[in-house]
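Quick note: the coordinates plus some simple rules give every number you see, no bench work behind them. Just so it is clear, the structure is predicted and the values come from calculations on it, not from any experiment. Methodologically, a virtual Cβ is constructed for each residue, glycine included, from the backbone with ideal geometry; neighbour enumeration extends over all protein chains shown.
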């Protein structure tokens, strides 16, 4: 794991490492989250990587787990995988709450806001469970299953009603299906070029259980696309993409147009372009930086409500009924 992080750091790239906080020996595996694992987490933090939750139990039955009470905590929460069909003493909220708690309190990795489920198993209650436990982003679905290479906002119970403040960033390439990952570099680069034509995301899912051809894939892929691609962690791209949650309204009266913004989450670097006949005039909030660009502005960090005004030439204003 650390070797992959060192490769990314040398290339100037911040990646996301999903960590399973397994502390019970069971059918799946031995205890994984021990003192040695904590030292590795601290190494990831020093290398500037993002650490994400990859559950506690890594059960193949995650989608059948009950939601839970929301008070699950370590060390009382003790999920045990009995076999591929059964897991004991398990809940969705327990997997989210306890893994996040352990990573943040023992790993010195900062807030954990990204999640990936084991086996990419996806309970219908996962969106609201992620929101309730302090996550913001998930990468627990493949692009083939989602039918998109673009991130999207999740809905309560994965239905078509209420949105929740969680964004799914689908996985594009994974390392376990044949042929070997190291033999798929050219295919992956061609796919990245196709997705890049419309600004899609390209998430590489790799289990760092070996070096060899998997590490070589990363070296070759980075070298092939770095001149025309942007690299970042799940949360880096997620925070940028989440700006689509900004609400915007305009109202024009005479020669002045008022632009009302509402940003439910902090956003840095939001760009606004005005109509050609409109020129930026004022920002009533002195705590928000404004940088002019061609036909518009770029805003500094904003959260909450913000009102901007732009002026229209008298000739254009006179044409407004």
Mean separation of Cα contacts under 8 Å, 6 or more apart, over the residue count of the range 193-321: relative contact order % = 23 percent
Helix-derived [θ] at 222 nm for the chain: sum -39500 (n - 2.57) over DSSP H runs of at least 4, divide by residue count, nearest 500?
-> -7500 deg cm²/dmol
Bridge type composition, the chain - antiparallel percent by DSSP, nearest 5 | 75 percent
Alpha-carbon radius of gyration plus Dmax, which is the widest Cα pair, for the range 2-241 in Å | 17.4, 49
So how tilted is helix 212-225 from the main axis of the chain? Cα-based, degrees 0 to 90, rounded to 10.
-> 10 degrees
Semi-axis lengths, Å, the range 123-267, gyration tensor of Cα atoms, sqrt of 5 times eigenvalues | 34, 21, 13
Gain upon complete extension [residue 249, residue 150; 0.36 nm per residue less C-alpha separation] | 33.1 nm
Where Rh is the Kirkwood radius over the Cα pairs of the range 12-140, the temperature 25 °C and the viscosity 0.890 mPa s, what D in µm²/s does Stokes-Einstein return?
-> 169 µm²/s
What FRET efficiency, computed as 1/(1 + (r/R0)^6) with R0 = 22 Å and r the Cβ-Cβ distance, is obtained for residue 268 and residue 104, rounded to the nearest 0.05?
-> 0.45
Would you mind pulling out the separation of the Cα centroids of the range 49-126 and the range 182-217, in Å?
-> 27 Å
Descending Cα extents along the principal axes, the range 246-318, whole Å = 38, 22, 19
How far is helix 185-196 tilted, in degrees, relative to the longest principal axis of the Cα atoms in the chain, given as a value from 0 to 90 rounded to the nearest 10?
-> 30 degrees
Sorting 17, 221, 27, 274 on the 10 Å Cβ count, fewest up front, what's the list?
-> 27, 274, 221, 17
Difference of contour (0.36 nm per residue) and Cα-Cα distance, residue 34 to residue 119 | 28.4 nm
Hey, fewest Cβ within 10 Å first, where do 237, 167 land in order?
-> 237, 167
Under the 7 Å Cα-to-Cβ spin-label approximation, residue 294 and residue 258 lie apart by a distance in nanometres of 3.2 nm
Which ordering of 294, 287, 29, 60 is given by a fewest-first count of other beta-carbon atoms within 10 Å?
-> 294, 287, 29, 60
Evaluate 2.2 N^0.38 Å with N set to the residue count of the range 1-41, then give the Cα radius of gyration divided by it.
-> 1.42
